[in-house]
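Since the structure comes first, as structure tokens, the remarks are kept for the end.
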Amino acid sequence: MHDRPFFLSVFDVPHYVEYTRMERVTQHIPRDDAKWLGARLSQLSDEQLRDCFRAAGYTPDEIALYTDTVRERIADLVAL
């Protein structure tokens, strides 16, 4: 989750600071905790994941893309 806000957003200092601090959220998480979370999330079906994005109002193409992406990230957690 190494990401920085768009460089022009530096002019909106509160937003830039908040976004930059969000990067720290994923630091120092114990591997066992991340793997545990991956195991729990892997129990979700693809239909349940799709329902989350459908409820948020995403298009069918976005739902498919985001569901696949989340499934890949869950697999990464399980593989730790």
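Every read-out reported here was derived from the displayed coordinates using simple, explicitly stated rules and does not represent laboratory data. Nothing here was measured: the structure is a model prediction, and the numbers come from that model. Don't worry about glycine lacking a Cβ; one is built from the backbone with ideal geometry, like all the others, and counts go over all protein chains shown.
Normalised by the number of residues in the chain, the mean separation of alpha-carbon contacts (under 8 Å, six or more apart) gives a relative contact order of 33 percent.
Taking 0.36 nm per residue of separation and subtracting the current Cα-Cα distance, fully stretching the chain between ARG40 and ALA79 would add 12.7 nm. All other residues whose Cβ lies under 13 angstrom from that of ARG54 are scored, Lys and Arg at +1 and Asp and Glu at -1, for a net of -4. Where the alpha-carbon atoms of the range 15-56 are placed on the principal axes, they occupy 36, 29, 7 Å, in descending order. You can think of it this way: the chain between ASP12 and GLU47 has 8.7 nm of extra reach, that is 0.36 nm per residue less the Cα-Cα gap. Rg/Rh for the chain (Cα atoms only, Rh after Kirkwood) is 1.07. Charged side chains reduced to their Cβ positions (Lys and Arg at +1, Asp and Glu at -1) give the chain a dipole of some 260 debye around its Cα centre.
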